[in-house]
Amino acid sequence: MEIHKTPLEGLMVIEPVVFRDKRGYFFESYNQRIFEKKTGAHATFLQDNESMSQKGVLRGLHFQTPPFAQGKLIRVIKGSVMDIAVDIRKNSPTYGQHFSVMLSEENKKMIWVPIGFAHGFLTTEDNTIFSYKCTQVYNKASEDSIYWNDPDLNINWGIEDPVLSVKDLQAKAFKDFNSIF
């Protein structure tokens, strides 16, 4: 497992060691001991989630507030996404900044999104299967979101009119967001 730190403290891109031969491939998508040793993050995962989306679906920018705030270990099983994490830790020197990475079935990259980040992704292929481990269970009363194309965040999603959920259409503006992280 190779760890790539990002400009946003705590946010890391993870590349697993993939063994390939004529039969196909094998890799460990998660090993707690190695994950903790290489990242320095101590995470206990309580819930795994999976979604399937068509090309052009945008989900985000989502997060849960304490006491149900979640760290997420994210990967793509099939297809590809542009994955975005936004630092919403109010005392962070990178507050309001974002990081993006392409995750795909081909590159097998993963991203560790710790507590204190809003997260979203845009599918770039049909039938994309997105999977993530969470350090806390889902709690509807704790969920929140920031508008995906908020001008203050200046995220270049590369799409003008994505497919959005009602929840994402009703997200708040970043300037109206009062972070408790």
Compute the distance in nm between two label points, each set 7 Å from the Cα along the Cα-to-Cβ direction, one at residue 55 and one at residue 2. 2.9
Cleavage-rule hits (GluC sites (Glu not before Pro)) in the range 14-91: DSSP loop, at most 16 neighbouring Cβ within 10 angstrom: 28
Cα-based Lys proximity count in the range 1-76, under 18 Å, for pairs eight or more positions apart or on separate chains: 5
Positive-end residue of 169, 27, 137, charge dipole of the range 2-176 with Cβ unit charges: 27
Per the rule of 0.36 nm per residue minus the C-alpha distance, extending residue 126 to residue 91 adds in nm 8.7 nm
Debye, to nearest 20: dipole size of the range 1-125, +1 on Lys, Arg Cβ, -1 on Asp, Glu Cβ: 80
Any chance you could run the full-extension gain for residue 161 through residue 38? It's 0.36 nm times the residue separation minus the Cα-Cα distance, nm to one decimal. 40.4 nm
Can you tell me the Rg and the Dmax, both Å, for the Cα atoms in the range 2-176? 15.8, 54
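No lab work stands behind these numbers, since they all come straight from the coordinates. The structure displayed is predicted, hence computed values, not measured ones. Backbone-built Cβ (ideal geometry, glycine too); neighbour counts: all protein chains shown.
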